[in-house]
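Read through the structure below, which is laid out as structure tokens, and then see the notes.
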Amino acid sequence: MASTRIVIAGASLAGLRAAEALRRAGFGGEVVLLGAEQHFPPYDRPPLSKQVLAGQWPAERARLKHDDGLALDVRPGTRASGLDLAGQAVLLDGGGRAGFDGLIIATGAAPRRLPVPGAGLPGVHLLRTVDDCRGLTAALRPGGTLVVIGAGFIGMEVAATARGLGMSVTVVDPLPAPMIRAAGPELGAAVAALHEAHGVACLLGRAVTGFTGETKSTGETRLAGVAIDGGEVLPADAAVVAVGAAPQTGWLAGSGLHTDDGVVCDETLFAVGTGNVVAAGDVVRWQHPLLHRSLRVEHWTNAVSQAQAAARNLHARLSGAGTAAPYDALPYFWTDQYDWKLQVVGLPGEEMSIAEGSLADGKLVAELRTGGELTGMACINWPARLAACRRRLLQAGAAA
């Protein structure tokens with residue numbers, strides 16, 4: 001396979017781990033790693049909303065560790081702009097092509113923006129990249145006022161970090177509880193109570209309608225407030241928009257690949273209808289072989305394990321030395337907020353029952369159910385129980 005070339009579109013966590021997995025699997029051909037960002041090695045994203053944002057870590061500490069001896073053709077600042085599937089080439093922004101025998105799509109997701117007036121005002125921030133983090137860090141100061149729009153993982157982590165820095169923090173979300181899509185309503189309500197106990201105002205079931213500005217003495221107009229439904233305007237020195245992320249599939253338009261909130265893949269992570277294109281990380285929607293449903297998962301652990309599986313499967317297909325294996329890892333999420341480490345394995349449930357511990361003690365194991373069916377399990381400050389939670393899910397047939 002010395003003459004075979006694999007191109008990896010996307011040089012963040014999933015792309016880098018896919019490159020490593022190719023070499024570990026014995027792939028000896030050329031590996032081209034295309035990255036839209038200028039930074040390499042890439043930054044690990046979880047610390048950007050916590051340790052780096054809080055000033056506890058320098059940004060360089062969040063660089064992903066990697067093996068310098070992988071013999072990769074790394075091309076930072078090179079964005080994929082199109083795909084010529086018939087000609088087996090990735091089209092590059094600004095011209096040029098990167099031909100391939102096999103392709104790994106790992107272009108990730110980009111933060112969603114709010115289509116409301118004033119969203120482009122200075123002082124309105126997104127948080128995805130290290131540059132975003134640096135801009136937001138400069139805006140966080142003791143005594144300042146921050147409004148967080150979106151009560152998902154990123155939003156609630158930013159809220160906890162900003163509160164720890166002495167800011168006045170308000171979280172606004174149209175849903176009835178934080179992190180409801182990943183954790184379910186009851187566990188989400190517990191997260192809201194945790195934040196309120198630390199002085200964060202949670203305005204749930206409310207929608208942002210716009211941002212208001214104020215002209216400073218310098219002549220610059222900057223953010224001054226966040227307007228919400230009902231006509232109320234929340235004072236804000238800074239705001240963070242954390243309303244989820246959209247898979248970066250626009251560059252695949254017209255390529256012939258099927259996209260539907262992600263690159264649609266089979267259970268072995270091959271893009272539907274192809275034999276030499278796989279996808280991994282936030283950009284992929286695949287048919288989960290155990291859960292029997294189509295999933296797209298945005299979390300660190302999935303990006304790593306899915307990238308490794310996709311790379312192994314592509315190598316096996318190209319080399320003829322093995323067969324592609326279904327990717328059947330159970331979804332897993334974690335978040336650190338204040339003194340809580342919350343871990344969820346499986347899928348969220350409408351109901352929560354505590355199996356061990358208690359919320360009052362701040363340490364518990366909980367079962368998540370929908371319609372009586374066990375779909376997931378959660379641990380708060382009890383990581384040693386996580387392996388048992390996975391076994392419980394499988395033994396109960398929740399993933400059958």
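Which one is least open to solvent (accessible area, probe 1.4 Å), of the residues in segment 134-169 that are touching a Ser or Thr at 6+ places or on another chain (Cβ under 9 Å) and among the hydroxyl-bearing types (Ser, Thr, Tyr)? This residue is THR161. Name the one entry in GLY376, GLY357, GLY349 that is in contact (Cβ under 8 Å) with a residue 60 or more places away in the chain and in a strand (DSSP E or B). Residue meeting the stated conditions: GLY376.
The set of residues in segment 260-273 being of a type in the set (Val, Ile, Thr) and surrounded by 18 or more Cβ atoms within 10 Å (Cβ to Cβ) consists of VAL263, VAL264, THR268.
For segment 306-339, how many residues are closer than 30 Å to GLY188 by Cα, assigned to a helix (DSSP H, G or I) and either in contact with an Asp or Glu (Cβ under 8 Å, 6 or more places away or on another chain) or of a type in the set (S, T, N, Q) (or both)?
1
Considering only residues that are more than 19 Å from the chain's Cα centre (by Cα) and aliphatic (A, V, I, L, M), look in segment 176-190 and name the one that is most open to solvent (accessible area, probe 1.4 Å). Spell out how you get there, then give the answer.
Here is the first cut: in segment 176-190, the ones more than 19 Å from the chain's Cα centre (by Cα) are 176-177, 185-187, 189-190.
Filter once more, keeping what is aliphatic (A, V, I, L, M): 177, 187, 189-190.
On the way: ALA177: 6, LEU187: 2, ALA189: 53, ALA190: 12 Å².
Top of the filtered list is ALA189.
Scanning segment 216-254 for residues that are surrounded by fewer than 19 Cβ atoms within 10 Å (Cβ to Cβ) and among the hydroxyl-bearing types (Ser, Thr, Tyr), we see that the one that is nearest to the chain's Cα centre (by Cα) is THR221. If the requirement is being open to solvent by 50 Å² or more (accessible area, probe 1.4 Å) and under 23 Å from ALA11 (Cα atoms), which of these qualifies: ARG312, ARG296? Of ARG312, ARG296, the one residue that is open to solvent by 50 Å² or more (accessible area, probe 1.4 Å) and under 23 Å from ALA11 (Cα atoms) is ARG312. The single condition among (1) of a type outside the set (Lys, Arg); (2) touching a residue at least 24 places away in the same chain (Cβ under 8 Å); (3) open to solvent by less than 20 Å² (accessible area, probe 1.4 Å) that GLY213 does not meet is (3). Within segment 122-151, track down each residue that is within 24 Å of PRO174 (Cβ to Cβ), in a helix (DSSP H, G or I) and not hydrophobic (A, V, I, L, M, F, W, C). Matches in segment 122-151: ASP132 only. Please determine whether any residue of segment 327-335 is under 15 Å from GLY10 (Cβ atoms), buried (at least 20 other Cβ atoms within 10 Å of the Cβ) and within 14 Å of the chain's Cα centre (by Cα). Scanning segment 327-335 turns up no residue that is under 15 Å from GLY10 (Cβ atoms), buried (at least 20 other Cβ atoms within 10 Å of the Cβ) and within 14 Å of the chain's Cα centre (by Cα).
The values are calculated or read from the model by the stated rules, or taken from the named source; none is laboratory data. In this text the structure is predicted, and so the values were computed from the model without any measurement. Cβ coordinates were reconstructed from backbone atoms using ideal geometry, including for glycine residues, and neighbour counts include every protein chain displayed. Accessible surface is based on the protein model in full, side chains and every heavy atom, while ligands, DNA and RNA are left aside. Shrake-Rupley method; radii C 1.70, N 1.55, O 1.52, S 1.80 Å.
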